[in-house]
Amino acid sequence: MAYQNPQNPDALPCPAAPKLVYQGEEELTTEQLRDIFNGLDTSRLGVITEKQLAQNLVNSDRTKFDAYTVNMMVRMFDSDRSGDLNFSEFVGLWQFLDRWRTIFNRFDTDRSGNINMAEFKNTLVSFSYRLSDSFIEFLFRNYDRENKGVITFDLFMQSCITLKRMTDTFKKYDDDRDGFITINFEDFVSEFLRQMKRVMFVDDSKSAPSGGFY
Ligand SMILES: [Ca+2]
Ligand SMILES: [Ca+2]
């Protein structure tokens, strides 16, 4: 049962800073998205910044989206490279979240609203990754930030996209697809720095992940 203030039954419980709770349960109309956008665009400039998004975007369990996830999405959808998102760029980001929500729901088989180790493993197997259990556990622990044995929606998305990017980088060097590469020092540092800049394979990442091959 939801908490109700006995003095004012219509009052919302725990009034807090405005949060954009990403539920992803229904498709929003353009008007609804416009309302959300305007709510975030507090400076009334017709754009929202990464900071405004990061401060307000939360998962359905009210945990904030990870800063890296927000940064990654803004870079993906800031088509005019202005550093912030106009309304049409924001709509692109929202549709991207919806596509990932569909994937997330497919693998959240116990409908808990988060991803446990077994569900994470099923996800990677479905994406054709052939990874050892110990490596999958290592990955999982990396994204299980609160050490609760589960991964939230935004980190699930981030983990899949990051793994796909790393796989694509690796494949560039693994011509014979045997899972081993030889890389010279300069190429290694270059790839590392590109990853640090978080701009690699931006277009690839907009679509659902395909086969892993490793
Ligand atoms: Ca922009
Ligand atoms: Ca689950």
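The values are calculated or read from the model by the stated rules, or taken from the named source; none is laboratory data. Values in this document were obtained by computation on a predicted structure and should not be read as measured data. For neighbour counting, all protein chains shown are included, and Cβ atoms are generated from backbone atoms with ideal geometry for every residue, glycine included.
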If a residue must be surrounded by 17 or more Cβ atoms within 10 Å (Cβ to Cβ) and not hydrophobic (A, V, I, L, M, F, W, C), how many such residues does the range 93-121 contain? 6
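Would you confirm whether or not the range 164-180 contains a residue that is out of contact with any strand residue (DSSP E or B) (no Cβ under 7 Å at 6 or more places or on another chain), within 18 Å of Arg99 (Cβ to Cβ), in a helix (DSSP H, G or I) and at pLDDT below 95?
Of the residues in the range 164-180, the ones out of contact with any strand residue (DSSP E or B) (no Cβ under 7 Å at 6 or more places or on another chain) are 164-180.
With the extra rule that they be within 18 Å of Arg99 (Cβ to Cβ), the set shrinks to 164-165.
Narrowing further to those that are in a helix (DSSP H, G or I): 164-165.
Keeping just the survivors that are at pLDDT below 95 gives 164-165.
Within the range 164-180 (the criterion being out of contact with any strand residue (DSSP E or B) (no Cβ under 7 Å at 6 or more places or on another chain), within 18 Å of Arg99 (Cβ to Cβ), in a helix (DSSP H, G or I) and at pLDDT below 95), the answer is yes, since at least one residue qualifies.
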Within the range 20-48, can you find the residues that are in a loop (DSSP other than H, G, I, E, B) and exposed (fewer than 14 other Cβ atoms within 10 Å of the Cβ)? Gln23, Glu25, Glu26, Glu27, Thr29, Thr42, Ser43, Arg44, Leu45, Gly46
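Rundown of residues vs (1) farther than 22 Å from Thr69 by Cα; (2) modelled with pLDDT of 95 or more; (3) among the hydroxyl-bearing types (Ser, Thr, Tyr), yes/no style:
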| residue | (1), (2), (3) |
| --- | --- |
| Cys14 | yes, no, no |
| Asp35 | yes, no, no |
| Asp41 | no, no, no |
| Gly46 | yes, yes, no |
Output the number of the condition that Asn105 fails; it satisfies all remaining conditions of (1) more than 16 Å from ligand 1 (Cβ to nearest atom); (2) part of a loop (DSSP other than H, G, I, E, B). (2)
Would it be correct to say that Ile136 is of a type outside the set (Lys, Arg), in contact with a Leu (Cβ under 9 Å, 6 or more places away or on another chain) and free of Cβ contacts under 8 Å to residues at least 24 places away in the same chain? yes
